[in-house]
Amino acid sequence: MSSVDPRRSLELLLPEVEALNAEVARLSAEQWQAPSNCAGWQIGDLLAHVVRNGWSFLVFVRNALTGETNPAFGPAVQRVQDEIKAAGPQAAAERQARETDQFVGLVRGLSEADLGRQAQHPRGLRSVAWACSQRLVEVAFHRWDLRRSLGYNGPLNGELARHLLDFMLDPASVSIMTDLPPHAPPDTFRLVAGGSAWRVTVGPNGRRIEPRAAGPASLEIVAEPGWLALALYGRVPIEGQPFRLEGLPEARRRFQLAFGGQPA
């Protein structure tokens with residue numbers, strides 16, 4: 001189980017959803033149909049995905065607490081995403097606000113034991129505590145996707161990004177954002193941001209994450225938390241001014257192969 005505090009994730013989730021909903025509600029019908037920065041998706045597809053994800057995590061938590069097995073993810077719930085896109089931006093913002101309130105209301109008062117209850121996710125059994133942080137991941141990065149689609153060129157908020165990095169790079173976590181893409185070549189990277197450091201070893205059996213590790217690495221990447229989180233999520237390349245790189249040139253390509261894909 002992750003050592004990241006799920007209640008802190010909920011605290012960060014609420015203002016992030018509120019800000020996203022305000023941005024969504026202001027979108028015009030033309031913007032809803034415009035291309036997003038996610039290849040092959042219109043802005044409406046991107047936002048239908050993140051709003052549906054909120055519904056999915058609400059169902060997931062209910063399943064964990066009741067023992068039910070209602071479909072929460074995957075092809076069986078595509079109809080929900082289609083309905084959200086068809087309804088347009090204002091309805092999407094209202095739905096996300098309503099279901100976020102329901103999600104937080106379910107989780108906020110749970111005991112530690114209940115936070116550890118599990119339900120089925122496409123990647124395996126996951127806990128309610130995990131769902132709190134993973135939902136924050138979805139909202140934070142997809143809000144950035146929306147802003148990027150509309151012309152924003154900056155990083156994630158630093159405080160938010162530090163919390164996301166602690167979750168995404170927690171050795172005890174099962175964050176789907178640190179799953180290894182197929183055929184990623186083996187290598188070791190040191191990541192440094194905001195006074196924290198991690199050594200990530202990529203190999204045939206996945207990734208091994210060591211906090212504060214000082215061992216050898218083919219490439220060291222130093223950046224502000226808001227930029228490093230985006231690089232790990234596959235949203236920005238590590239070349240350029242926000243990043244300070246030291247190590248083998250070919251390791252830069254191997255990092256992009258290991259971390260450069262779009263999330264599921």
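The values are calculated or read from the model by the stated rules, or taken from the named source; none is laboratory data. None of these values were measured; they are calculated from a predicted model. Cβ: placed from backbone, ideal geometry, glycine included. Neighbour counts: every protein chain shown.
Remarks
- Count of residues meeting criterion [surrounded by fewer than 17 Cβ atoms within 10 Å (Cβ to Cβ) and among the small types (Gly, Ala, Ser)] in region 219-245: 1
- Those helices (runs of 4 or more DSSP H) of region 78-155 in which 3 or more residues are under 17 Å from residue 54 (Cβ atoms) and hydrophobic (A, V, I, L, M, F, W, C) occupy 78-87, 89-107, 128-149.
- Test result for residue 57, under 21 Å from residue 17 (Cβ atoms) and in contact with a Ser or Thr (Cβ under 7 Å, 6 or more places away or on another chain): no
- Residue that is farthest from the chain's Cα centre (by Cα) [pool: residues in region 25-51 that are under 21 Å from residue 164 (Cβ atoms) and buried (at least 17 other Cβ atoms within 10 Å of the Cβ)]: 36
- When each of 189, 243 is tested for being touching a residue at least 40 places away in the same chain (Cβ under 8 Å) and of a type in the set (Phe, Trp, Tyr), the lone residue that passes is 189.
- Set 67, 109: member being of a type in the set (Gly, Ala, Ser), more than 28 Å from residue 230 (Cα to Cα), more than 22 Å from the chain's Cα centre (by Cα) and at pLDDT below 95: 109
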